[in-house]
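Asker: Supplied in structure tokens, the structure appears directly below.
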Amino acid sequence: MTEQRGTTEQRAGIGRLTAAIVAVAATLPYLTIKTLWLTGDPVGVSDPALMDNGQMLGMNALTFAMEAAGLLLALAFTMRWGMRLPAWLVLLPLWVGTGLLSVLAVTTPLIVLIGGLAIFRGGPIQSWVYMVVYGGFITLGIALMTAFALYARDRWPAVFATPVRLPFPSATRSFQEVVAWGALLVATAVGALRVVMAFDGAVQAVQNGLKALLAVGGAAALVALVRRRGNGPFWRPLALAWLGSGSLFGWGLFSMIVRSTGGPLAYGGTGVADFAELFGMLTGLVMGMCGAFLLAERSGVGHVQPGQDALERQDREGDRQPADHGHR
């Protein structure tokens with residue numbers, strides 16, 4: 001995305017600063033536990049031998065890196081240098097991270113409400129670890145998404161100030177429409193599989209129900225964005241398409257990594273579950289790439305707000321001033 005002049009020097013407001021600080025604080029318990037596990041301290045583990053498993057060490061290192069990336073992004077949202085980072089370096093990890101965290105932030109409280117704290121008991125990890133970890137995930141998800149929304153509003157104001165119907169030249173619009181409609185078709189099939197999987201129990205019903213809604217809703221929002229359908233602001237369907245595609249890709253990729261590496265965390269999935277995860281990952285990836293093309297072509301356009309039309313004189317001298325200089 002192109003940058004809007006002058007905004008890279010803008011200081012973080014109190015809202016963005018507060019949300020980012022909360023996000024940083026939310027990562028510290030998880031990073032502390034993972035550091036202890038990686039250095040050989042089995043704190044909170046009922047079976048210490050579990051931490052000596054090679055696959056477990058690899059997964060701990062991976063999840064540590066994922067949480068550390070969230071911490072670094074939260075810091076970037078508070079600093080001026082964060083406004084100068086390449087857009088892809090911010091958007092790519094945020095897309096995957098918010099896709100993962102949004103599901104946890106919504107489903108975990110519902111699952112606890114249905115099953116109580118007993119759902120955290122009985123495994124090789126002590127229950128207090130789950131409560132600390134998932135409490136941190138919920139806090140991190142809410143705080144990081146809030147900080148990012150405020151950061152994006154300052155860095156890419158046109159996303160929040162322009163309508164879905166904004167006309168702009170697009171060399172790939174026909175291709176985007178084909179991809180978006182195809183993604184909606186596959187996402188609907190994946191969502192249907194999620195509904196079938198929801199009958200496996202209360203916990204599965206909550207998780208798969210939300211993932212199904214995000215998959216279909218996100219794909220439908222992408223179609224609306226590509227076809228420029230809707231009377232509201234651009235950011236609303238963009239947010240839904242963002243979360244839907246990020247959830248599909250993030251959870252599909254994570255599940256494929258866990259199941260392919262084996263070890264204690266490689267819980268066995270049914271053929272239906274594996275099919276849903278694989279095609280969910282691929283569909284999310286395609287949706288993300290389609291959205292990237294859309295945003296790239298939409299950026300750099302001289303946007304004019306409808307309310308500014310009155311500034312143009314009747315003699316059409318071209319003296320109207322643009323509301324902004326496009327996306328950054």
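Nothing in this text is a laboratory measurement; each read-out follows from the coordinates by a stated rule. Given the structure is predicted, the values throughout are model-derived calculations rather than measurements. Heads up, the Cβs are rebuilt from the backbone with ideal geometry, glycines too, and the neighbour counts pull from every protein chain shown.
Asker: Convex hull over the alpha-carbon atoms of the stretch 51-132: what's its volume per residue in Å³?
Answerer: 123 Å³
Asker: Still on this structure, please answer the following. Using a 10 angstrom Cβ neighbour count of at most 14 plus a DSSP loop assignment to flag exposed GluC sites (Glu not before Pro), which longest range of the chain is free of such sites?
Answerer: Value returned for the longest uninterrupted segment is 1-311.
Asker: Note down, for the stretch 1-155, the three equivalent ellipsoid semi-axes (square root of 5 times each alpha carbon gyration tensor eigenvalue), biggest first, whole angstrom.
Answerer: 33, 18, 12
Asker: Of the residues 195, 223, 178, which exhibits the maximal mean-square fluctuation in a Gaussian network model of the chain defined by a 10 Å Cα contact cut-off?
Answerer: So, out of 195, 223, 178, the one fluctuating most is 178.
Asker: Ignoring solvent entirely, what values of log10 I(q)/I(0) come out of the Debye formula for the chain at 0.15 Å⁻¹ when each Cα is a single scatterer?
Answerer: -1.31
Asker: If I take the Cα coordinates of the stretch 164-302 and project them onto the principal axes, what are the three extents in Å, biggest first?
Answerer: 54, 28, 21
Asker: Starting at the first residue of the stretch 52-57, write each ³J(HN,Hα) from the Karplus equation 6.51 cos²θ - 1.76 cosθ + 1.60 with θ = phi - 60°, in whole Hz, x for Gly and Pro.
Answerer: 8, 5, x, 5, 5, 4
Asker: So, one more: Just to check I understand the Karplus step: with θ = phi - 60° and J = 6.51 cos²θ - 1.76 cosθ + 1.60, what whole-Hz values come out for the stretch 68-82, glycine and proline as x?
Answerer: With coefficients 6.51, -1.76 and 1.60, one gets 4, 5, x, 4, 5, 5, 4, 5, 4, 6, 9, 10, 5, 5, x Hz.
Asker: Turning to a different aspect of this structure: Suppose we take every Cα in the stretch 153-227 and form the convex hull; what volume per residue is that in Å³?
Answerer: Measuring per residue, one finds 100 Å³ for the Cα hull of the stretch 153-227.
Asker: Can you list the residues, at least 5 places off or on another chain, whose amide H is less than 5 Å from the amide H of residue 125, using H built in the peptide plane?
Answerer: 46
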